[in-house]
Amino acid sequence: MMNPEAAAILLLLFYLLLTSALLIYQALHLPDGWRAWILFAITRVYAPGLWHVRRNRRCPFPGDTAGIVVANHRSPADPIILWHNSHLGNPQKKMRCISFLMAREYYELPGLIGWISRAMHSIPVDRNGQDVVPVREALRRLKEGGLIGVFPEGGIQESRPIAHANSGIAFLALRSRAPVYPVYINNTPRGKNMIEPFYSRADTSLVYGEPIDLSAYYGKRLSREVLEEATTLMMWKLAELGDTEYLGGPRPDTQSEVIPISADRYHSGS
């Protein structure tokens, strides 16, 4: 007859094998691939632990329908900060990637930045703005019910106010008619290079806003004026979440006053 100590060891090994099998099964059957699953598993511990990420409420991103996430951009770590708890808001608790539009030179890097970008199924974009392939790819993914992430300011900015935004975000939103979810990132980790923010401590918080209503623009010809007007509307909505301003245009008359966000409105992102 097996002694209690041996039985306990066998039981522990059984649970270990069972847990390993479940983890492997999840990784292999995740629609976004095993690399995305590994990155997700790491960032679920890493982001709250190193950056103390808090949020004003549950993430509003949809679990299985299309959506566009727009945010300010202050750090290379912004994409995984936005992504690490995005599954908590949907009833199925379904983890899925946010495919960010990002500069091609970073997407193709051989190290950490490039690996994260490819694991999250990001869409590389040429900075010259002449390449329409990324826009077509983003529209295709939205049509299939995907999540697309955009930093409309373009590159990483230093100041708190929202810099002038590219009107391509309005084209993407109006052509797809997908809901647009604004998120303002406070106190994002910084560094002297692209890698340092990933091991720098920070006290980061996310302010989620309600989906931006762009229905007044549906059916209009997407002229430069219409796109700029819709972009200005979206960027002011984003700026209000951060209690700041948009430098690319005057506040539309339809906007409400800026509401300060106090620190006690945040809670843990775990």
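Summary of computed values
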{"quantity": "Breaking point among (1) under 27 Å from Glu144 (Cα atoms); (2) modelled with pLDDT of 65 or more; (3) surrounded by fewer than 16 Cβ atoms within 10 Å (Cβ to Cβ), for His29", "calculated": "(2)"}
{"quantity": "Residue selected from the stretch 190-231 under the condition part of a helix (DSSP H, G or I) and in contact (Cβ under 8 Å) with a residue 60 or more places away in the chain, by the criterion farthest from Leu172 (Cα to Cα)", "calculated": "Tyr199"}
{"quantity": "Residue within the stretch 80-97 that is assigned to a helix (DSSP H, G or I) and either of a type in the set (Ser, Thr, Tyr) or at positive phi (or both) present", "calculated": "yes"}
{"quantity": "Inter-residue pairs, beta-carbon under 6 Å, first over 19 Å from Ala36 (Cα atoms) and in the stretch 119-138, second not β-branched (Val, Ile, Thr) and not in a strand (DSSP E or B), 6+ apart", "calculated": "Val125/Pro134; Asp126/Arg104"}
{"quantity": "Candidates Phe100, Phe40 - the one that is within 21 Å of Asn166 (Cα to Cα), in contact with a Phe, Trp or Tyr (Cβ under 8 Å, 6 or more places away or on another chain) and without any contact (Cβ under 8 Å) to a residue 60 or more places away in the chain", "calculated": "Phe100"}
{"quantity": "Search result, residues across the stretch 163-189 that are more than 21 Å from Arg96 (Cβ to Cβ), outside any loop (DSSP other than H, G, I, E, B), out of contact with any Ser or Thr (no Cβ under 7 Å at 6 or more places or on another chain) and hydrophobic (A, V, I, L, M, F, W, C)", "calculated": "Phe171, Leu174"}
{"quantity": "Candidates Thr43, Thr19, filtered to the one that is at pLDDT below 90 and under 28 Å from Tyr199 (Cβ atoms)", "calculated": "Thr43"}
{"quantity": "Restricting the stretch 57-110 to residues that are over 10 Å from the mean Cα position of the chain (by Cα) and among the hydroxyl-bearing types (Ser, Thr, Tyr), the residue that is surrounded by the fewest Cβ atoms within 10 Å (Cβ to Cβ)", "calculated": "Thr65"}
{"quantity": "Residue match in the stretch 126-141 (condition: modelled with pLDDT of 95 or more and either surrounded by fewer than 13 Cβ atoms within 10 Å (Cβ to Cβ) or assigned to a loop (DSSP other than H, G, I, E, B) (or both))", "calculated": "yes"}
{"quantity": "Positions within the stretch 142-158 being within 17 Å of Leu174 (Cβ to Cβ) and either within 12 Å of the chain's Cα centre (by Cα) or assigned to a helix (DSSP H, G or I) (or both), in sequence order", "calculated": "Leu142, Lys143, Ile148, Val150"}
{"quantity": "Flag for Ser159 being surrounded by 18 or more Cβ atoms within 10 Å (Cβ to Cβ), free of Cβ contacts under 8 Å to residues at least 40 places away in the same chain and within 16 Å of His73 (Cα to Cα)", "calculated": "no"}
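The values are calculated or read from the model by the stated rules, or taken from the named source; none is laboratory data. Remember, predicted model here, so these are calculated numbers, not experimental data. Because the Cβ atoms are built from the backbone with ideal geometry, glycine has one as well, and the counts that use them run over all protein chains shown.
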